[in-house]
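Written below as structure tokens is the structure these notes are about.
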Amino acid sequence: MDLVQTVAQALYEKKAQNIVALDVSDMTVITDTMIIASGRSAIQVKALADEVEDKLAELNRFPTRKEGQQEGRWIVLDYGDILVHLFHTEEREFYRLDKLWDGDNNHIALPFDPADED
């Protein structure tokens, strides 16, 4: 399973909401892929970040930067080729990051049915 699928599956198993993976390689030089998901509380958002870090550490992948873990409202884990954005529901609705980076057919298929997330 590639890293995008591994991250998405880890988030799904931790009950993240509205998981989206976007191929942004043609839109920016910052990263190739963005994975965006929401948690219902700051505690859940922190738990989601911890789970992603743990799963990728098992694969010997570690973030080069982490932001927002203290507050738990918007956490960014930077793995170079993958940026993981984990939002509290309210922040995600306000910033609408997935809408900003949504392009023509750049959604990456995930290993589960998004309708099953709630």
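Some notes on this structure:
- Extension gain from PHE112 to GLU71, taking 0.36 nm per residue of separation minus the Cα-Cα distance: 11.8 nm
- Backbone phi angles across the stretch 48-65, fed through the Karplus curve with coefficients 6.51, -1.76 and 1.60 (θ = phi - 60°), yield HN-Hα couplings of 4, 4, 4, 5, 4, 4, 5, 5, 6, 4, 4, 9, 6, 10, 10, x, 7, 8 Hz in residue order; Gly and Pro are listed as x.
- Computed helical MRE - 222 nm, the chain, DSSP H runs ≥ 4 contributing -39500 (n - 2.57), nearest 500: -9500 deg cm²/dmol
- When peptides 30-41, 71-82 are ranked by their average number of other Cβ atoms within 10 Å per residue, the highest-first order is 30-41, 71-82.
- Ranked by the mean number of other Cβ atoms within 10 Å per residue, highest first, peptides 47-58, 10-21 order as 10-21, 47-58.
- Relative contact order (%) - criterion: Cα under 8 Å, at least six apart; region: the chain: 32 percent
- Under 13 Å from LYS66, Cα to Cα: aspartates and glutamates that are on another chain or at least 8 residues apart: ASP50, GLU53, ASP78
- Segment ASP26-ALA57, length gained on full extension (0.36 nm per residue, minus Cα span): 8.4 nm
A short reminder: the numbers here are calculations on the coordinates, not readings from a lab. A quick note: this is a predicted structure, and the numbers were derived from the prediction, not measured. A quick note on method: Cβ atoms are made from the backbone with ideal geometry, for glycine too, and the neighbour counts reach across all protein chains shown.
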